[in-house]
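Structure first, commentary second.
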Amino acid sequence: MAFDFEMIQQVYDRMEANVSAARKLIGRPLTLTEKILYNHLWENSASEPFKRGVDYVDFAPDRVACQDATAQMALLQFMHAGKPKVAVPTTVHCDHLIQAKQGASADLKRANETSNEVFDFLGSVSNKYGIGFWNPGACIIHQVVLENYAFPGGMMIGTDSHTVNAGGLGMIAVGVGGADAVDVMAGMAWELKFPKLIGVKLTGKLSGWTAPKDVILKVADILTVKGGTGAIIEYFGEGAISMSCTGKGTICNMGAEVGATTSTFGYDESMDRYLRATGRADVADAANKVKAHLTGDPEVYANPEAYFDQVIEIDLSALEPHLNGPFTPDLATPISKMAEIAKKNDWPLQVEVGLIGSCTNSSYEDISRAASLAKQVSEKNLKTKSKFTITPGSEQVRYTIERDGLIDTFDRIGATVFANACGPCIGMWDRYGDKAADGPRNTIVHSFNRNFAKRADGNPNTLAFVGSPELVTAIAIAGRLDFNPLTDTLINEDGEEVRLDEPRGYELPPEGFAVEDSGYVAPAADASQVAVKVDPESQRLQLLDPFVAIDVAKMKNIPLLIKAQGKCTTDHISMAGPWLRYRGHLDNIANNTLIGAVNAFNEKTNFAKNQLNGEYGAVPETQRAYKKEGLYSIVVGDHNYGEGSSREHAAMQPRHLGVAAVLVKSFARIHETNLKKQGMLALTFANEADYDLIQEDDRFDFIDLDQFAPGKPLTLVLSHRDGSSDRIQVNHSYNASQISWFNAGSALNVIKRESAA
Ligand code: MIC
Ligand code: SF4
């Protein structure tokens, strides 16, 4: 039986009435996305259709998922909300804090020693507040959510940007900052701007070397890293139906890389099969009864242009395998063009390591297809040229592939199996010891989702390319980036020319899934005796002090902290890797604030001018100097500022250090919300070219912040060092309740006030 089946049944029970009411209200057939959204309204019914991309709407998600690195801050905040128990089913998964080095068991042992304080804290808070807990090494959050909790037509939020993975099972699953999760755990509504809708019509059928991963690599090519911002992507068409449920998960997972709010697919037989294979026949039976409401109306898919804001069509039969990268997930190269393009860009052709697995690509199908290639190594007397690693997404997958001999197959090509955790996907890969910062220029290929600089191994000179697990395996065998398995041959140990046969695998394990110890711990039925411990001397955990509201009167003459140039992702604002250890200690982690951002005035990182003494220093230290003088400051940025992760540390750290405002050309959605939640000003240039007016020694006056109101731009005066000044207009997207967060110091301060009342 599935977890929380009653809750799922309730969602289905109200579907018929809510979908019909929405169809009537909007006056036309509905997309799947609209059906799910209108079935999860906080107020239960709407009096007018919501305007896409305009109206803020309150939703009631069915569940919440948190991973260890973000759960610490989320739960530290939840502890302030004054609630005895979480209001909706919630889970915590320990996956980000396990460093990959020697292999699963040694790595896990080390993680349990170095991070036991954090795991104990998360275990005890989960126990106390009725939260399901998944032990370190049990899983990567999104894989276990797909295997156990996701259900067609459901809505969930999670404190990780790849929560969207659950769209593979027909959910609306959205990545959020911890403060959003706290709202829902505390029994309040979750607010989202009603999204725009992008329809992706998949025609044809995948075959041979092409995999679901190539669909999203192609979508990333078309939409770029910001093309999905503010939108939900809905996939449909014969190509969608013919694909496995886990393949759909991969596509939705990497929707985060185009900035989409989430992605989803209509319910079909692949989902029915997956639910049954993962022990949830009850959910499949219940879903089948409301099947028509779990996919878009036929009129919509027949004439998508009339219902979606944008429509993309991809013919799967003509799609080629791709590799995307380096340094950005939207730089797509079809494999047949790689030789030419790599040469032109001088990318190192020798591939050092191929890495498969992660939350994005570790289904049984992925692993069995990759294993079918690994098997050919001995059959064809080849030698694998690159190193090779596997990070399974869950103990259930790991146990099953071991039982079925697939791990042995990989062992024979010298593979290392890492723990069921994030590991190399998030810089938790001890590849160079303490020498990562100036590691050699080299190429790796992986089946993960992100490939920003330093993301995998901390080495800025590693060029990482993203591809399907099968392509990664073939390339690792060949050891060359420009190897095209569709056309090229390899020379084996006998000097013969051989070709790799197309990958083959199983959608689901023919003998079913199995697991001995899934790693799940249910919360105590009676938590009254459970105590949550935080050592005041701890370097890893720190109880939070509520933020004090920004004093509008002091928003005059405030200095520029840094003007960031180009890409400034959450990895640049609050780096992961070695810093993950401080995710529960705000003051310690604040020492990495913006250290990866490129200073527009000198093109260096972590080198900013302190306006008080004219000296250059590290960004966090410069900011601490301003704070000491009681001065707020401002950060200026480029396009899609805060792209990437959901980590709210990227907002809480600057806030803790006294940055009051972030002014950019455009924001990534989650980061903008995170700034608002923490009581800061998230502003955009009304005129993008004004970015160029900002000078290194500028001081900023907020002229009309005392009249902060929805829809009303603000005015800033920039005073330059030479005595001249500029007056500019800046926009914001705060509604009235978000302005109340600013006035209260944070959204949490508002919840606290309301729970006390
Ligand atoms: C990521 O993939 O970047 C992460 C690490 O999973 C993050 C969460 C985090 O920063 O803890 C995410 O995607 O939200
Ligand atoms: Fe972990 Fe990587 Fe997945 Fe993020 S994307 S949850 S770091 S495996």
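The values are calculated or read from the model by the stated rules, or taken from the named source; none is laboratory data. Just so we're clear, the structure is a prediction, and the values are computed from it rather than from any experiment. Glycine also receives a Cβ, built like all others from the backbone with ideal geometry; neighbour counts cover every protein chain displayed.
Just to be sure before I move on: is Ala370 buried (at least 24 other Cβ atoms within 10 Å of the Cβ) and under 15 Å from Ala474 (Cβ atoms) in the structure I sent?
On the way: buried (at least 24 other Cβ atoms within 10 Å of the Cβ): yes; under 15 Å from Ala474 (Cβ atoms): yes.
Yes: the conditions hold for Ala370.
Can you name every residue in region 492-542 that is assigned to a strand (DSSP E or B) and closer than 22 Å to Ile140 by Cα? Write out each step before concluding.
Taking region 492-542 as the starting set, the residues that turn out to be assigned to a strand (DSSP E or B) are 497-498, 520-521, 541.
Scanning region 492-542 gives Tyr520, Val521.
All but one of (1) hydrophobic (A, V, I, L, M, F, W, C); (2) within 16 Å of ligand 2 (Cβ to nearest atom); (3) under 21 Å from Gly519 (Cα atoms) hold for Ala74, so report the exception by its number.
(3)
Only one of Phe59, Phe121 is among the hydrophobic types (A, V, I, L, M, F, W, C), more than 21 Å from the chain's Cα centre (by Cα) and modelled with pLDDT of 95 or more. Can you tell me which?
None of the other options fit; the residue is Phe121.
Among the residues that make up region 694-711, is at least one of them of a type in the set (Phe, Trp, Tyr), part of a strand (DSSP E or B) and over 20 Å from Asn613 (Cα atoms)?
yes
Can you work out which of the residues in region 670-688 that are of a type in the set (Val, Ile, Thr) and away from ligand 2 (no atom under 16 Å from the Cβ) is farthest from Tyr632 (Cα to Cα)?
Thr673
Ala660 versus (1) out of contact with any helix residue (DSSP H, G or I) (no Cβ under 8 Å at 6 or more places or on another chain); (2) small (Gly, Ala, Ser); (3) within 21 Å of Gly259 (Cβ to Cβ): which is the lone unmet condition?
(3)
Where in region 3-96 are there strands (runs of 3 or more DSSP E), lying wholly inside it, with at least 2 residues that are aromatic (Phe, Trp, Tyr)? Before the answer, list the steps.
Values: elements: 56-59, 63-67, 90-93.
Per the criteria, 56-59.
Hey, among Arg669, Arg581, which residue is within 16 Å of ligand 1 (Cβ to nearest atom), in contact with a Gly (Cβ under 8 Å, 6 or more places away or on another chain), in contact (Cβ under 8 Å) with a residue 60 or more places away in the chain and not aromatic (Phe, Trp, Tyr)?
Values: Arg581 fails: in contact with a Gly (Cβ under 8 Å, 6 or more places away or on another chain).
Testing whether each residue is within 16 Å of ligand 1 (Cβ to nearest atom), in contact with a Gly (Cβ under 8 Å, 6 or more places away or on another chain), in contact (Cβ under 8 Å) with a residue 60 or more places away in the chain and not aromatic (Phe, Trp, Tyr) leaves just Arg669.
Answer with yes or no whether Ser378 is in contact with a Gly (Cβ under 8 Å, 6 or more places away or on another chain) and of a type in the set (S, T, N, Q). Break it down stepwise before answering.
Values: in contact with a Gly (Cβ under 8 Å, 6 or more places away or on another chain): no; of a type in the set (S, T, N, Q): yes.
Taking the combined requirement at face value, the residue does not satisfy it.
Restricting to region 493-524, give me the number of residues that are surrounded by 15 or more Cβ atoms within 10 Å (Cβ to Cβ), farther than 18 Å from Leu146 by Cβ and touching a Lys or Arg at 6+ places or on another chain (Cβ under 7 Å).
2
May I ask you to list the residues in region 40-60 that are basic (Lys, Arg), in contact with a Leu (Cβ under 9 Å, 6 or more places away or on another chain) and exposed (fewer than 14 other Cβ atoms within 10 Å of the Cβ)?
Matches in region 40-60: none.
Answer yes if at least one residue in region 415-435 is more than 16 Å from ligand 1 (Cβ to nearest atom), under 30 Å from Asp346 (Cα atoms), surrounded by 24 or more Cβ atoms within 10 Å (Cβ to Cβ) and among the β-branched types (Val, Ile, Thr), and no otherwise.
Looking through region 415-435, none of the residues is more than 16 Å from ligand 1 (Cβ to nearest atom), under 30 Å from Asp346 (Cα atoms), surrounded by 24 or more Cβ atoms within 10 Å (Cβ to Cβ) and among the β-branched types (Val, Ile, Thr).
Quick one: which strands (runs of 3 or more DSSP E) sit completely within region 329-414 and have at least 2 residues that are within 26 Å of Glu493 (Cα to Cα) and modelled with pLDDT of 95 or more?
351-357, 387-391
For the list (1) in contact with a strand residue (DSSP E or B) (Cβ under 7 Å, 6 or more places away or on another chain); (2) away from ligand 1 (no atom under 16 Å from the Cβ); (3) not charged (D, E, K, R), I need the number of the one condition that Leu406 fails.
Failing condition for Leu406: (1).
Ser363 is checked against (1) surrounded by 22 or more Cβ atoms within 10 Å (Cβ to Cβ); (2) within 16 Å of ligand 1 (Cβ to nearest atom); (3) hydroxyl-bearing (Ser, Thr, Tyr) and fails just one. What number does that condition carry?
(2)
Can you tell me how many residues in region 415-428 are within 11 Å of ligand 2 (Cβ to nearest atom) and not in a loop (DSSP other than H, G, I, E, B)?
Qualifying residue count for the region: 4.
Residues to consider are Ser105, Ser126; find the one that is small (Gly, Ala, Ser) and more than 24 Å from the chain's Cα centre (by Cα).
Every option except Ser105 fails the conditions.
Of all residues being in contact with a strand residue (DSSP E or B) (Cβ under 6 Å, 6 or more places away or on another chain) and not in a helix (DSSP H, G or I) in region 113-137, which is surrounded by the fewest Cβ atoms within 10 Å (Cβ to Cβ)? Just the residue, please.
Gly132
Here is a list: Thr159, Thr163. Which entry is within 28 Å of Asp285 (Cβ to Cβ) and within 14 Å of the chain's Cα centre (by Cα)?
Of Thr159, Thr163, the one residue that is within 28 Å of Asp285 (Cβ to Cβ) and within 14 Å of the chain's Cα centre (by Cα) is Thr163.
Taking the condition of being farther than 20 Å from Ala231 by Cα and either without any contact (Cβ under 8 Å) to a residue 12 or more places away in the chain or hydrophobic (A, V, I, L, M, F, W, C) (or both), how many residues in region 262-282 meet it?
Counting residues in region 262-282 that are farther than 20 Å from Ala231 by Cα and either without any contact (Cβ under 8 Å) to a residue 12 or more places away in the chain or hydrophobic (A, V, I, L, M, F, W, C) (or both) gives 5.
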